[in-house]
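Following: one structure in structure tokens, then a few remarks.
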Amino acid sequence: MVTVGLVVELEAKADKSEQLAAFLTSALPLAQAEPATIAWFAMRTSPTTFWIVDAFPTAAGRQAHLDGPIAAALMASADELLASPPRLLTADVLASKLPG
């Protein structure tokens, strides 16, 4: 069961959008290795606007993700790839549908 989530908006520099897309694609194995990350999505809604949406069973699981390797790698590359700082929104999950 998931109770909390994150919604992160990422705005890429115009000439770095494909690099940000590649970074997000390459982060999937890291998300899969996190036991408390129940759902993780990297999405694109425009040529330069990206989103990470993920869900966790507890606030501690969410914090473990925020303290983990994906966030660290993103912040290490933020100045190079992003037009503005990531917009991070914490969320309470009101309802969900997950496989299985």
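Where a number appears in this text, it was derived from the coordinates with a stated rule and is not lab data. Since we're looking at a predicted model, the values are computed, not measured. Note that each Cβ is placed from the backbone with ideal geometry, even for glycine, and that neighbours are counted across all protein chains shown.
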Cα centroid of segment 1-28 to Cα centroid of segment 70-100, whole Å: 6 Å
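How do L10, L74 rank when sorted from fewest to most other Cβ atoms within 10 Å of their own Cβ? If you can, show how the numbers build up before the last one.
On the way: L10 25, L74 19.
Going from least to most buried by this count: L74, L10.
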Separation in nanometres of the label points that stand 7 Å from Cα toward Cβ, at T49 and R87: 0.8 nm
Cα pair distances exceeding 16 angstrom across segment 1-72, given as percent: 47 percent
Degrees, to the nearest 10: 69-81 long Cα axis against longest axis of the chain: 20 degrees
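To the nearest 500 deg cm²/dmol, what mean residue ellipticity at 222 nm is calculated for the chain from DSSP H runs of n ≥ 4 alone, each contributing -39,500 (n - 2.57), summed and divided by the residues? Don't skip to the end; give the middle numbers.
Values: 4 runs with 36 residues, N = 100.
After summing the helix terms and dividing by the residues of the chain, the value is -10000 deg cm²/dmol.
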